[in-house]
Each structure stands twice: as structure tokens, then as C-alpha cells.
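Coordinate-derived values only; no laboratory data. Note that the structure is a prediction, hence the values are computed from the model and not measured.
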Amino acid sequence: MNVFEPLAEPARLRLVEILASGEHTAGQLADVVGWEFRISRTAVSKHLRHLRNAHYVDVRAELQWRWYRLNPLGFDVLERTVADLRHKMDTAIGWNADKGEKYDPLGQFAPTVPFKGPGRPANRGRRERIRFAPSREPDLGLYPVHPLLPEED
């Protein structure tokens, strides 16, 4: 999963903004975000589950309440991804400024032959032909004799 995908939804981003202030119960989050975005408590729970699966949010149970808080490990991954993108941007990987064209460091390898379309060799005549039909004789219940094998007496 892309690290930016869970934060692309405005309701999830708002949940993260609220959780930045500290721990909150699912009911508190559902009241605020549900009112702002006009979504149900079930939808807010679904967004919290997505954030939890992406490791942006941790949850702990206390009696009948679920307390949500931000998980710093999820944001460490996000920061590393942003730092990697910043490095690629600074070193101009993907673009050759001198030539003014796209630069692909893996482009030096030969392209693979496509499965379909131009550039693929024709496969005519490469399949083995069937020499006899493997069907049964319906009246006799016997299989036909293979043409290359000697007949048995």
C-alpha cells in the first residue's frame, strides 16, 4: 500500500489532525468528524480501521471505550518516503536537465519482447499437430489403435 493513500481521504486526514492533540475515544472522534463531514459513526470507524491498518493510529481498549492515538512508527515511514522523494528530486533522477529529456537509469537494459503486438515473433507452425483423434468409438466402447504402434493380435 502507498503510504500516502490512507491520508488522501479528507475525513482520515481530519482524524489524524484531531489525534495530533492527544488520545480520543472513538465516540469523540465520531461526533466531531461525523458532524463535519456528515458521515455516520460506522463510516468514522471504517476510516479509523484504515488508519490503524496503515500503522498511523494505535488503539487501546479500556472497558467499553476504545482510545485512539497516533503511532509514531507510521509517520517515520512517511517521513522516510518524503525524504527519498526529496533526494530523487534534488538529484534529478528521472529527468536529464542537460538533454532536456526523461532519464531512466534502468533504460540501459534491453526492453522485453511484448506478449502481443508489434515486435513479437510469429508462432505459426510451432505447435505440435495432433496425429489422431483421441475419441472413443461409441458403439464398440473401444479406443482407436494408435497409427504408429503395431497392432496386437
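Subtracting the Cα-Cα distance from 0.36 nm times the residue separation, let me have the gained length for M89 to E36 in nm, one decimal. Don't skip to the end; give the middle numbers.
Details: separation 53, 0.36 × 53 = 19.08 nm, distance 3.63 nm.
Taking 0.36 nm per residue and subtracting the Cα distance, the gain is 15.5 nm.
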Quiz item: Out of residues 5 or more away from V57 or on other chains, whose amide H comes under 5 Å of its own, with H placed 1.01 Å from N in the peptide plane?
Solution: R52, N71
Quiz item: With θ set to phi - 60° and the Karplus curve 6.51 cos²θ - 1.76 cosθ + 1.60, what are the ³J(HN,Hα) couplings of region 32-47 in order, to the nearest whole Hz, using x for Gly and Pro?
Solution: 6, 5, x, 6, 5, 9, 6, 10, 7, 5, 5, 5, 5, 4, 5, 5
Exercise. With no solvent and one equal point scatterer placed on each C-alpha of region 5-72, evaluate the Debye formula and give log10 I(q)/I(0) for q = 0.14, 0.25 Å⁻¹, two decimals.
Key: -0.34, -1.15
Quiz item: What is the set of long-range amide H partners of H24 at a cut-off below 5 Å, with H atoms built 1.01 Å from backbone N?
Solution: Y68
